[in-house]
Amino acid sequence: MKYSIIGFGPIGQALARAFARKGIDVSVATTRDPENFAPAAAAIGPTILPKTLAEAVEADIVLLAVRFESHQDVAKALSSWKGKTIVDVTNTRVPPEELGGEPSSRVVAQAFTDARLVKGFNHLGAAVLAQDPAVHGGKRVVFLASDDDDAAVEIGALAEKLGFSPIQLGGLSEGGLLVHARGNSWGRLIFKDLVTFDG
């Protein structure tokens, strides 16, 4: 299984730290030449691999950590995303009312032809997401929403591998709205930093 993170701002780097903590190889890319961000990747760890966008989109699981407005530019990197799973980590302040009453993840899903899409890892700020998810004997929660149950299970397994506690919120129209950053009213789970404890 090959992983990549597209977008290497604060959120992309926070995700990269999660992979680095577990020693898991992950490609990182932006629209810029990899040489521009190679030092930042090296500072995180040897498993963080700077790549071109064309190389990064070849991964099986792609974590999309760009600005919401830039998701279509990434989608154009492949003519078909069939067989790939996209984790939509983007946020937007555009309210669902301006998106046909749907969460932004539905808009992102339409751009990535034939991909399986899971909304996830987006409800935490970069500073919190970058921290070790092991907290006082518990695990930091990440919320996941998808219209594809198999994809949701797949990304849930990845979240657990990275040390998080995934909570499935259901489909994009229900769960996606709970983690939608919107205008002046926020999804109810945005920025909620929760921890689960076994037993």
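Computed quantities for the displayed model
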| item | result |
| --- | --- |
| Vicinal HN-Hα couplings computed from phi for region 35-52 (Karplus, 6.51 cos²θ - 1.76 cosθ + 1.60; Hz; Gly/Pro x) | 4, 5, 10, 4, x, 5, 5, 4, 5, 7, x, x, 8, 9, 10, x, 9, 6 |
| Convex hull of Cα atoms in region 31-80, direction-averaged projection (nm²) | 3.9 nm² |
| Region 137-161 and region 68-125: distance between their alpha carbon centers, rounded to Å | 17 Å |
| Exposure proxy order (Cβ contacts within 10 Å, fewest to most) of 180, 71 | 71, 180 |
| Pairwise FRET efficiency - residue 196 versus residue 70, Cβ, R0 = 30 Å, nearest 0.05 | 0.40 |
| Value of Rg to Rh for region 1-137 (Rh from inverse mean 1/r over Cα pairs, i.e. Kirkwood) | 0.96 |
| Listed pairs 119/192; 76/139; 22/84; 22/139; 2/82 exceeding 25 Å between Cα atoms | 76/139 |
| DSSP bridge pairs, the chain: antiparallel proportion in percent, nearest 5 | 25 percent |
| Rg over Rh [alpha-carbon atoms, Kirkwood Rh] for region 93-132 | 1.08 |
| Interchain or long-range residues, amide H under 5 Å from residue 84's placed H | 116 |
| Pairwise Cα inverse-distance average, inverted: Kirkwood Rh of region 110-199 (Å) | 13.6 Å |
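Every number here is computed from the coordinates shown, using simple stated rules; none is lab data. Because the structure is predicted, anything quoted here is derived from the model rather than measured. Counting neighbours? That spans all protein chains shown, and the Cβs are built from the backbone with ideal geometry, glycine included.
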